[in-house]
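Shown next, in structure tokens, is the structure this report addresses.
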Amino acid sequence: MGKKSALAADMVCEFVNEAHGNFERVKAMLEQEPGLLNAAWDWGGGDWETGLGAAAHMGRKDIALYLVERGARLDIFAAAMLGRAEVVQAIIAAQPEARNALGPHGISLLTHAKKGGKEAAAVVKLLQA
């Protein structure tokens, strides 16, 4: 398999920025460039964020589920916001320090879970235990 060209930085930045809340633009951009699905942007100082990461800390389940259904790499932060307690619990069991990990922009795992609302109540309870 030949090496592919890197995605344009401005396109990756726009995609991640739009994934904070502009569902229609996310869909359009992903249709235009499927490689954006797992693309990450560095906001500076190693503050890496993907579209899924953006949707997760904003509580945008619609965007997050859309990306996950298309194969985005689910991480503990998105799992917490989506209320997937079994995933969060399994990661913490395997890597206890993940409970205190910080996501994009230094946002805590608990804050991600709280953004999930009622569907993530079990994750909030797990993290507060």
Legend entry - Restricting region 94-129 to residues that are outside any helix (DSSP H, G or I) and of a type in the set (A, V, I, L, M), the residue that is surrounded by the most Cβ atoms within 10 Å (Cβ to Cβ): 107
Inset, instruction - Scan region 42-71 for residues that are of a type in the set (Gly, Ala, Ser) and either surrounded by fewer than 23 Cβ atoms within 10 Å (Cβ to Cβ) or out of contact with any helix residue (DSSP H, G or I) (no Cβ under 7 Å at 6 or more places or on another chain) (or both) and jot them down. - result: 44, 45, 46, 59, 71
Legend entry - Matching entry among 116, 83, 106 (being at pLDDT 95 or above and within 18 Å of residue 23 (Cα to Cα)): 116
Inset, instruction - Sort out which residues of region 20-39 are within 16 Å of residue 75 (Cα to Cα) and buried (at least 16 other Cβ atoms within 10 Å of the Cβ), and write them in order of number. - result: 37, 39
Legend entry - Residue under evaluation residue 51, criteria (1) touching a Phe, Trp or Tyr at 6+ places or on another chain (Cβ under 8 Å); (2) in contact (Cβ under 8 Å) with a residue 60 or more places away in the chain; (3) of a type outside the set (S, T, N, Q), criterion not met: (2)
Inset, instruction - Can you run down the residue pairs with Cβ atoms below 7 Å, 6 or more apart or on separate chains, where the first is in region 108-126 and touching a residue at least 24 places away in the same chain (Cβ under 8 Å) and the partner is surrounded by fewer than 17 Cβ atoms within 10 Å (Cβ to Cβ) and part of a helix (DSSP H, G or I)? - result: 109/99; 126/89
Inset, instruction - Please identify the pairs in which a residue from region 20-33 that is of a type outside the set (S, T, N, Q) has its Cβ atom under 9 Å from the Cβ atom of a residue that is exposed (fewer than 14 other Cβ atoms within 10 Å of the Cβ) and assigned to a helix (DSSP H, G or I), counting only partners at least 6 apart or on another chain. - result: 23/62
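The values are calculated or read from the model by the stated rules, or taken from the named source; none is laboratory data. Just so you know, these numbers come straight off a predicted model, no measurement behind them. So basically every Cβ, Gly included, is an ideal-geometry build from the backbone, and we count neighbours across all protein chains shown.
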